[in-house]
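Novice: Once you've had a glance at the structure underneath, I'll fire off some questions.
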Amino acid sequence: MAIKGIEKFNNLVESFASLPTIGKKTAIRLAYYICTSNHLEGMKLAHNIENALRFIKPCTQCGALSENELCDICTDENRQKDLICIIQSPKDVLILEESNSYNGFYFVLENLEEEKIQKLISMIKKNNTKELIFAFTHSINSDTMIFFIEEKLKNLNLKFSKIAQGIPSGVNLENVDFISLHQAINFRTNIEN
Ligand SMILES: [Zn+2]
């Protein structure tokens, strides 16, 4: 039960506790730290949250997080242009980039909306893509998605592959260690058409 008379503190605890992976005890610890540490640090946190909310949006081409119309990956001339890695969340871009195991482009596909598929097709044509890598963790749902996309794109003369070893079924990419992720990308397997 929250202590009365410090509602603003309690509100801060509630905000922290509403975040993923933060339990009540950690929320209290964080709120206490913010309120008792030097003020500048707390203000900086508030400022960074505000800025992120104001300026971070999906890249209009690939759907990754960006501050501009096109993200830095989509505009990077040094990336391998004929590769697109399909992921299910913009978060997966951050994880794969952090793992340093991939140097192609990305496309975030959270669902199979026709508009999204069309966007993917125009990106494939624009980049002259040769290979699509599905970085989905294994589940019946992701297998169905892969099948559906392959069917949709079968006339584009693409090689389809999916990440391989070391990724257990039903686990999010963010919970996979970098070495396994690296192996999964490098030892990706061809999908038979
Ligand atoms: Zn992009």
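The values are calculated or read from the model by the stated rules, or taken from the named source; none is laboratory data. The shown structure was predicted, so the numbers you read here are calculated from the model rather than taken from an experiment. Reconstructed Cβ throughout: ideal geometry from the backbone, glycine too, with neighbour counts over all protein chains shown. All accessible areas refer to the heavy atoms of the entire protein, side chains included, with ligands and DNA or RNA removed. Shrake-Rupley method; radii C 1.70, N 1.55, O 1.52, S 1.80 Å.
Novice: Could you pull out the residue among Thr129, Thr137 that is farther than 23 Å from Lys81 by Cα, outside any helix (DSSP H, G or I), open to solvent by less than 70 Å² (accessible area, probe 1.4 Å) and of a type in the set (S, T, N, Q)?
Specialist: Numbers: Thr129 fails: farther than 23 Å from Lys81 by Cα.
Of Thr129, Thr137, the one residue that is farther than 23 Å from Lys81 by Cα, outside any helix (DSSP H, G or I), open to solvent by less than 70 Å² (accessible area, probe 1.4 Å) and of a type in the set (S, T, N, Q) is Thr137.
Novice: Go through region 89-104 residue by residue and tally those that are more than 9 Å from the ligand (Cβ to nearest atom) and either among the aliphatic types (A, V, I, L, M) or part of a loop (DSSP other than H, G, I, E, B) (or both).
Specialist: Let us first name the residues in region 89-104 that are more than 9 Å from the ligand (Cβ to nearest atom), namely 89-92, 94-104.
Checking which are either among the aliphatic types (A, V, I, L, M) or part of a loop (DSSP other than H, G, I, E, B) (or both) leaves us with 89, 94-96, 100-104.
Of the residues in that region, 9 qualify.
Novice: Give region 38-88 a look and list any residue that's touching an Asp or Glu at 6+ places or on another chain (Cβ under 9 Å) and more than 15 Å from the ligand (Cβ to nearest atom), or say none.
Specialist: Listed by number, the residues that qualify are Phe55, Asp82, Gln88.
Novice: How many residues does region 142-189 contain that are open to solvent by 30 Å² or more (accessible area, probe 1.4 Å) and modelled with pLDDT of 80 or more?
Specialist: Adding up the residues that qualify gives 13.
Novice: Another question about this same structure. When you go through Ile49, Ile84, Ile73, Ile28 one by one, which is the residue that is touching a Phe, Trp or Tyr at 6+ places or on another chain (Cβ under 9 Å), among the aliphatic types (A, V, I, L, M) and open to solvent by 50 Å² or more (accessible area, probe 1.4 Å)? Spell out the reasoning first.
Specialist: Numbers: Ile49 fails: touching a Phe, Trp or Tyr at 6+ places or on another chain (Cβ under 9 Å); Ile84 fails: open to solvent by 50 Å² or more (accessible area, probe 1.4 Å); Ile73 fails: open to solvent by 50 Å² or more (accessible area, probe 1.4 Å).
Of the residues listed, the single one that is touching a Phe, Trp or Tyr at 6+ places or on another chain (Cβ under 9 Å), among the aliphatic types (A, V, I, L, M) and open to solvent by 50 Å² or more (accessible area, probe 1.4 Å) is Ile28.
Novice: I'm checking my understanding of the structure. Among residues of region 105-123 that are open to solvent by less than 10 Å² (accessible area, probe 1.4 Å) and of a type in the set (A, V, I, L, M), which one is farthest from the ligand (Cβ to nearest atom)?
Specialist: Here is the first cut: in region 105-123, the residues open to solvent by less than 10 Å² (accessible area, probe 1.4 Å) are 105-109, 117, 120, 123.
Now narrow it down to the ones that are of a type in the set (A, V, I, L, M): 108-109, 117, 120, 123.
Details: Val108: 9, Leu109: 13, Ile117: 17, Leu120: 12, Met123: 9 Å.
Taking the candidates together, the pick is Ile117.
Results for (1) under 30 Å from Lys130 (Cα atoms); (2) outside the structural domain of Leu112 (by TED's automatic domain parsing), shown as yes or no for each residue.
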| position | (1), (2) |
| --- | --- |
| Gly23 | no, yes |
| Ala27 | no, yes |
| Ala31 | no, yes |
| Leu45 | no, yes |
| Asn48 | no, yes |
| Asn51 | no, yes |
| Thr60 | yes, yes |
| Cys71 | yes, no |
| Ile84 | yes, no |
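Novice: Among the listed residues Val93, Val13, which satisfies the condition of being closer than 30 Å to Ser161 by Cβ and either open to solvent by less than 70 Å² (accessible area, probe 1.4 Å) or not assigned by TED's automatic domain parsing to the domain that holds Lys162 (or both)? Can you show your working first?
Specialist: Numbers: Val13 fails: closer than 30 Å to Ser161 by Cβ.
When all the criteria are applied, what remains is Val93.
Novice: Might you let me know whether region 142-161 holds any residue that is closer than 15 Å to Ser89 by Cβ and not in a helix (DSSP H, G or I)?
Specialist: No, that holds for no residue.
Novice: Please identify the pairs in which a residue from region 74-100 that is basic (Lys, Arg) has its Cβ atom under 7 Å from the Cβ atom of a residue that is surrounded by 18 or more Cβ atoms within 10 Å (Cβ to Cβ) and part of a helix (DSSP H, G or I), counting only partners at least 6 apart or on another chain.
Specialist: Final answer for the pair search is Lys81/Asn127.
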